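Below is one structure, written out as structure tokens; the observations come after it.
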Amino acid sequence: MRYGETHGDRKLIRCAADYTRRPVPLRLRSRIRRHLLLHGRPRQTPALYRRKTAGEFAEPESQAFAVGRAAHCLILEGGREFDRRYIVADGPVNPKTGEPFGRQSRAYCDWAAKQQREIVSGREYEFIRKLEAAVRLHPLAGELLTDGVAEGVVRTECRAVPCQIRMDWFSPRHGIVDLKTCDSLGRFEFDVRRYGYLFQLAFYRAVVRKAAGDSVPVHIVAVEKNEPFAAGVWKLTDDVLDRAETINAAALNRFRLCRESGVWPTGYEDLRFIDEL
């Protein structure tokens with residue numbers, strides 16, 4: 001995909017302008033930090049967002065999240081990129097048990113420190129391959145992910161706030177495609193609301209529209225993390241995205257006011273009442 005390509009009358013944005021997997025030059029890192037990277041934090045707790053972006057604390061990455069990143073890489077970017085970034089290995093073997101040392105052991109940590117790529121265990125790789133197969137075998141998911149750009153970054157300004165998004169996938173034909181894992185497809189629509197996916201993707205759509213001058217479709221591909229590893233596809237309607245975008249716009253305005261005033265509330269400063277059983 002190239003900047004300025006069209007599909008019908010729709011002008012497409014070049015979403016592959018930047019890739020977060022590329023090292024960011026030191027001189028640019030402070031500038032990027034000034035971009036609003038995720039709308040969810042300031043929408044809920046501006047104080048927490050400010051502390052996190054100021055580097056006052058960092059949330060540790062769980063192993064499950066690390067495996068999820070590896071799955072995104074294999075599914076969206078392919079085996080060649082996966083092999084460039086990851087090594088599939090269980091680490092050194094304990095001669096007394098014949099089994100690999102645990103990940104918290106000194107032997108494993110010493111071995112891991114010498115690796116040039118991120119480590120995925122054999123069992124984790126088998127799990128990731130099942131996710132990949134489920135997505136690729138789904139007729140709609142496979143079509144959505146056939147032609148496009150993975151991990152595309154777009155930076156622009158919305159409501160006088162510098163914003164940045166990193167899309168899982170951008171398709172010239174199908175627009176924004178987000179890949180999610182879930183425990184059950186039957187409960188996924190509940191997860192969409194529980195985890196704020198509607199607000200996330202409404203934010204993505206708004207940033208793409210501001211940068212490209214056109215609104216694009218939004219889809220979610222969801223795949224179960226357990227048997228039978230089923231996959232499903234959802235299209236978010238313009239109506240629900242418009243409503244979420246209205247709430248996001250109010251959050252952006254509050255964020256701008258917080259930045260200008262230097263006051264970052266938790267959202268719980270006022271007295272609250274419990275009046276229902």
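The values are calculated or read from the model by the stated rules, or taken from the named source; none is laboratory data. The shown structure was predicted, so the numbers you read here are calculated from the model rather than taken from an experiment. So basically every Cβ, Gly included, is an ideal-geometry build from the backbone, and we count neighbours across all protein chains shown.
Checking R31, R41, R27, R14 one by one, the residue that is at pLDDT below 80, over 16 Å from V120 (Cβ atoms), within 19 Å of the chain's Cα centre (by Cα) and outside any loop (DSSP other than H, G, I, E, B) is R41 and no other.
One line per residue, one yes/no per condition, for (1) loosely packed, with under 14 Cβ neighbours inside 10 Å; (2) over 30 Å from V218 (Cα atoms); (3) at pLDDT below 95:
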{"site": "Y108", "(1), (2), (3)": "no, yes, no"}
{"site": "A113", "(1), (2), (3)": "yes, yes, no"}
{"site": "R117", "(1), (2), (3)": "yes, yes, no"}
{"site": "I128", "(1), (2), (3)": "no, no, no"}
{"site": "L137", "(1), (2), (3)": "yes, no, no"}
{"site": "L144", "(1), (2), (3)": "no, no, no"}
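Scanning for something farther than 22 Å from K180 by Cβ and touching a strand residue (DSSP E or B) at 6+ places or on another chain (Cβ under 6 Å), does region 245-254 turn up at least one residue? So far as region 245-254 goes, yes, one or more of its residues are farther than 22 Å from K180 by Cβ and touching a strand residue (DSSP E or B) at 6+ places or on another chain (Cβ under 6 Å).
Would you please list the contacts, defined by Cβ atoms under 8 Å and residues six or more apart or on different chains, that run from a residue in region 208-224 that is over 23 Å from I75 (Cα atoms) and without any contact (Cβ under 8 Å) to a residue 12 or more places away in the chain to a residue that is of a type in the set (G, A, S) and in a loop (DSSP other than H, G, I, E, B)? From residues that are over 23 Å from I75 (Cα atoms) and without any contact (Cβ under 8 Å) to a residue 12 or more places away in the chain, the pairs are R209/S215.
Within the set V216, V223, the sole residue that is over 30 Å from F127 (Cα atoms), hydrophobic (A, V, I, L, M, F, W, C) and either over 17 Å from the mean Cα position of the chain (by Cα) or surrounded by 14 or more Cβ atoms within 10 Å (Cβ to Cβ) (or both) turns out to be V216. Among the residues of region 256-270, those identified as over 18 Å from P162 (Cβ atoms) and surrounded by 10 or more Cβ atoms within 10 Å (Cβ to Cβ) are V263, P265, T266, G267. Can you tell me which residue is farthest from K235 (Cα to Cα) among those in region 90-135 that are of a type in the set (D, E, K, R) and touching a residue at least 60 places away in the same chain (Cβ under 8 Å)? Checking each candidate, the answer is K130. Does region 227-243 include one or more residues that are under 23 Å from T45 (Cα atoms), crowded, with 21+ Cβ neighbours inside 10 Å, touching a His at 6+ places or on another chain (Cβ under 7 Å) and in contact (Cβ under 8 Å) with a residue 24 or more places away in the chain? So far as region 227-243 goes, no, none of its residues is under 23 Å from T45 (Cα atoms), crowded, with 21+ Cβ neighbours inside 10 Å, touching a His at 6+ places or on another chain (Cβ under 7 Å) and in contact (Cβ under 8 Å) with a residue 24 or more places away in the chain.
Each row is one residue, and each column tells you yes or no for (1) touching a strand residue (DSSP E or B) at 6+ places or on another chain (Cβ under 8 Å); (2) more than 29 Å from A160 (Cα to Cα); (3) not polar (S, T, N, Q).
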position: P172; (1), (2), (3): yes, no, yes
position: G175; (1), (2), (3): yes, no, yes
position: L179; (1), (2), (3): yes, yes, yes
position: R193; (1), (2), (3): no, no, yes
position: G196; (1), (2), (3): no, no, yes
position: R209; (1), (2), (3): no, no, yes
position: V216; (1), (2), (3): yes, no, yes
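Might you check whether a residue that is in a helix (DSSP H, G or I), under 30 Å from E143 (Cα atoms) and at pLDDT below 95 occurs anywhere in region 212-228? Scanning region 212-228 turns up at least one residue that is in a helix (DSSP H, G or I), under 30 Å from E143 (Cα atoms) and at pLDDT below 95. The residue pairs whose first member lies in region 59-80 and is in a loop (DSSP other than H, G, I, E, B), whose second member is of a type outside the set (S, T, N, Q) and at pLDDT below 95, and whose beta carbons are closer than 8 Å, counting only pairs six or more residues apart or on different chains, are E59/K52.
Taking the condition in contact (Cβ under 8 Å) with a residue 12 or more places away in the chain, buried (at least 18 other Cβ atoms within 10 Å of the Cβ), among the small types (G, A, S) and outside any helix (DSSP H, G or I), does A202 pass?
For A202, the condition - in contact (Cβ under 8 Å) with a residue 12 or more places away in the chain, buried (at least 18 other Cβ atoms within 10 Å of the Cβ), among the small types (G, A, S) and outside any helix (DSSP H, G or I) - is not met.
Against the numbered list (1) assigned to a helix (DSSP H, G or I); (2) closer than 27 Å to W169 by Cβ; (3) among the aliphatic types (A, V, I, L, M), A47 comes up short only at (2).
Beta carbons closer than 6 Å, at least 6 apart along the sequence or on distinct chains, pair a first residue in region 255-272 that is of a type outside the set (G, A, S) with a second that is in a loop (DSSP other than H, G, I, E, B) and at pLDDT 90 or above for C258/W264.
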